[in-house]
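Novice: Structure incoming, see below.
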Amino acid sequence: MHHPDTATAHPAASAGMAAAPPLGGKSASQYKTAQCNLEKGSHESDPLFGGYSWQRAVTIARSPKQSRVTIKVPMVYTCFQMIADCRADRPDGWRHFASAYVPVIRWLLAHYDPSAGDIDARTEHLLVDLRRADSPLFTSLEPSPERWFVAQLRQEVVGSLPLPQPDYRLDLAIVAEALETLTVTEKMAAWFEGMRYDAAGAAELMRIAPATVQKIRSKAADLVRGKVDAWNQTLMTENGLPLGREAYAAQGNDCLPAKTFLDILDGRTTWSGREAMERHVNGCWHCIDHYARMEEVIGLMRSCKPLSESDAARYRKVLGVSDERRPVWKRFLGAK
């Protein structure tokens, strides 16, 4: 939904007549260039572009004596622009980050380390680290779609958590050997247990029935139990974080990029493409983990909503940016 801007229209247009000649004698390409040169702004959430969008009015007249026409120009503040602004230490980028992505940080902290307490204090501490000039989250020079950015943010948050000390240490090699005969779907269902998802939560992300997930996990548990000296029902969950880090570090030259998994999850791949993916992933636990993380990211973006202005204020303060914004007319004209 865009912000309503009051706009005046050419008399012929409002009367339903044929379109008038190009306004002010300018071509459509010139108007497009003018639109692209407008300063970006942000407000309402736009799920398609992964940013915030609103509308500005551009008023053009053929001459001082002729009618003035106001054109609504949709403006989108994308995730890539936010990354560029944060990297350049511009306040607009950090304001957007506080509103749009602090909910993701809070959810991840609560999910992966629920016993640590005070999520607010932990979130603020993490924001201080992410605000540093050398933070890897904002150093990429490549355009970063929002889901790729959230996936990297997820790694930064989960990577900041202390590793647990389970009673029995389960190595990735043992898991790989035990579950070797399972399909990709079965391995994913078992892996989500280490990511602290119960059967219902994993089923929602994988878009299969909870009973199917539970049946797969029982099968996987029997296979793992036959490979270890000690066993309990929470063995995968207790070892989830160290297993995830071990899998993440096991990336090889043939491992697949995030786009491959997102294309499959979005239904943009062919059967042959999916079969090729499964041939590799079935023997690669780095890619099993990567695939699961991208499914998790889609769920995160579906469930985490931007903070209100008042709720985001405390996090903007932690990030060192003020609540004050320049008036619209100043931002439109580029005034200080």
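FYI, it's all coordinate maths here, none of it is from the lab. Quantities reported herein were computed from a predicted structural model and do not represent experimental measurements. Here the Cβ is made from the backbone with ideal geometry for all residues, glycine too, and neighbour counts use every protein chain on show.
Novice: Sorting THR78, THR212 on the 10 Å Cβ count, fewest up front, what's the list?
Specialist: Numbers: THR78 21, THR212 16.
Going from sparsest to densest Cβ surroundings: THR212, THR78.
Novice: Just to check I understand the Karplus step: with θ = phi - 60° and J = 6.51 cos²θ - 1.76 cosθ + 1.60, what whole-Hz values come out for region 179-194, glycine and proline as x?
Specialist: Listing the rounded values in order: 9, 4, 7, 7, 7, 4, 4, 5, 5, 5, 4, 5, 5, 5, 5, x Hz.
Novice: Can you spot the aspartates and glutamates whose alpha carbon is less than 19 Å from LYS187's alpha carbon? Ignore those fewer than 8 places along the same chain.
Specialist: ASP171, GLU177, ASP198, GLU204, ASP222, GLU238, GLU246, GLU275, GLU278, ASP289, GLU295, GLU296
Novice: Still on this structure, I have one more. To the nearest 20 Debye, how big is the dipole of region 78-153 about its Cα centre, given +1 on the beta carbon of each Lys and Arg and -1 on that of each Asp and Glu? Numbers along the way, then the final one.
Specialist: Working: 8 positive and 11 negative charges, 21 e Å.
Dipole size: approximately 100 debye.
Novice: Quick one: putting +1 on the C-beta of Lys and Arg, -1 on the C-beta of Asp and Glu, what dipole do you get for region 261-302 around its Cα centre, in Debye to the nearest 20?
Specialist: Numbers: 5 positive and 7 negative charges, 10 e Å.
For this selection, approximately 40 debye.
Novice: Run the Debye formula on the Cα coordinates of region 209-303, all scatterers equal and no solvent, and tell me log10 I(q)/I(0) at q = 0.25 1/Å.
Specialist: Here log10 of I(q) over I(0) equals -1.35.
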